[in-house]
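Chemist: Here you go, one structure.
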Amino acid sequence: MEKALIIIPARYGSTRFPGKPLVKIKGTIMIQRVYEQAILACPNVWVATDDLRIEAAVQKFGGNCIITSPDHKSGTDRIAEALGLIPEKNHAPIIVNIQGDEPFIKPEQISQLIDICTLPETQIATLIKKIDSAEDLFNPNKPKVVCDMKGNALYFSRNPIPHIRDVGKNLWHKAHSFFKHIGVYAYKKEILQKITKLQSSSLELAENLEQLRWLENNFTITTGITNYESPSIDTEEDLQKVLETLK
């Protein structure tokens, strides 16, 4: 049995960028780029989608794909359903969630996630990166995280945490080490099956961050520090910026 199973949730009907898994980046569709980066870290990779067009595209380049419900509210819920549909022979003790809009994620980051999740005490693993600008620190689309001494997440927020007293906000990132969340996860298989049965929580709804549901229910999220943040593509403007850098 493989040590890990990577599942890439890919939804066609994104409100901000419909059909984005199928947009081309230098001649290669985005979902294929994500798949090819993932397979460099682990050969056991599947796409979980709600759309037959994405399924056809994945099958065309020779990838594994499974059709899931269009009603899922999060990628975590989608991969949990996919796990029940993927053949048992492909199951693994660790399930990795790589979003379908991360075409430049590094295989080393995926391997780092898997290594963290291999530790007996780890339930859920994710990556964080030190913040080096006030712009990132105060950007609500870049969630922040504070951790305990062992690297386990204490809280995630769209606001800067902690608050720094007696220092101008433009200097907060120099007065304290802040970390942003890089939204990739690895879960022990049995933990994934538990967290997707949880009801939405008050903190999750307040911040619109699903990982707060897990913390509120006493699950542990272990973090690993990465020095790389790949450009994710949430909008057509994001895509244009990436295409400009690749010229």
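Chemist: I need a count of the residues in the stretch 10-37 that are under 17 Å from Ala82 (Cα atoms) and either in contact with a strand residue (DSSP E or B) (Cβ under 6 Å, 6 or more places away or on another chain) or not charged (D, E, K, R) (or both).
Modeler: The total comes to 4.
Chemist: Against the definition (at pLDDT below 95, of a type in the set (Gly, Ala, Ser), within 29 Å of Pro103 (Cβ to Cβ) and under 15 Å from the mean Cα position of the chain (by Cα)), how does Gly183 come out, yes or no?
Modeler: yes
Chemist: Only one of (1) more than 18 Å from the chain's Cα centre (by Cα); (2) in contact (Cβ under 8 Å) with a residue 12 or more places away in the chain; (3) more than 21 Å from Ser230 (Cβ to Cβ); (4) assigned to a loop (DSSP other than H, G, I, E, B) is not met by Pro120, so which one is it?
Modeler: (2)
The values are calculated or read from the model by the stated rules, or taken from the named source; none is laboratory data. Source: prediction; values computed, not measured. Glycine also receives a Cβ, built like all others from the backbone with ideal geometry; neighbour counts cover every protein chain displayed.
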